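Below: the structure, in structure tokens.
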Amino acid sequence: MISDRRIGDIMKPASEIGPDLFLSDLVARIDSRSAATRYPVTVGKRLHGILSLEQVREIAPELWPQTRARDVMRPVDNGLFINQKATIPQSLNLIKKKRAGISCGD
């Protein structure tokens, strides 16, 4: 039953990006068949922000080669984390409420 499953059971590792990555480089390496919609922006495995494809689309494509991930990412706060032991319904409710992607936090 889905209400008994934990979010950690269905999560897959995220594709991390660095804060200095240009949006053009990110878009160039996206495989549209399996593209994530949100990317953790990390430095040394430390999470600094989340960059969504919606944010990228808000920037004019001609500006992508000069716009870095750090310029448009959403800085992290504790409200963006979902404990991997949370049930799927709890997690979906939090995601909807916070309009956030999923990041794993203990």
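The values are calculated or read from the model by the stated rules, or taken from the named source; none is laboratory data. Nothing here was measured: the structure is a model prediction, and the numbers come from that model. A quick note on method: Cβ atoms are made from the backbone with ideal geometry, for glycine too, and the neighbour counts reach across all protein chains shown.
Couple of notes before you dig in:
- Residue that is nearest to V43 (Cα to Cα), among those in the range 55-83 that are outside any strand (DSSP E or B) and modelled with pLDDT under 75: D77
- Residue, modelled with the highest pLDDT, within the range 9-27, restricted to residues that are surrounded by 14 or more Cβ atoms within 10 Å (Cβ to Cβ) and more than 16 Å from V72 (Cβ to Cβ): S15
- Test: A35 is among the small types (G, A, S) and in a loop (DSSP other than H, G, I, E, B): yes
- Residue pairs whose Cβ atoms lie under 7 Å apart, separated by 6 or more positions or on different chains, with the first residue in the range 28-41 and closer than 16 Å to S52 by Cβ and exposed (fewer than 12 other Cβ atoms within 10 Å of the Cβ) and the second at pLDDT 85 or above and aliphatic (A, V, I, L, M), are T37/L53.
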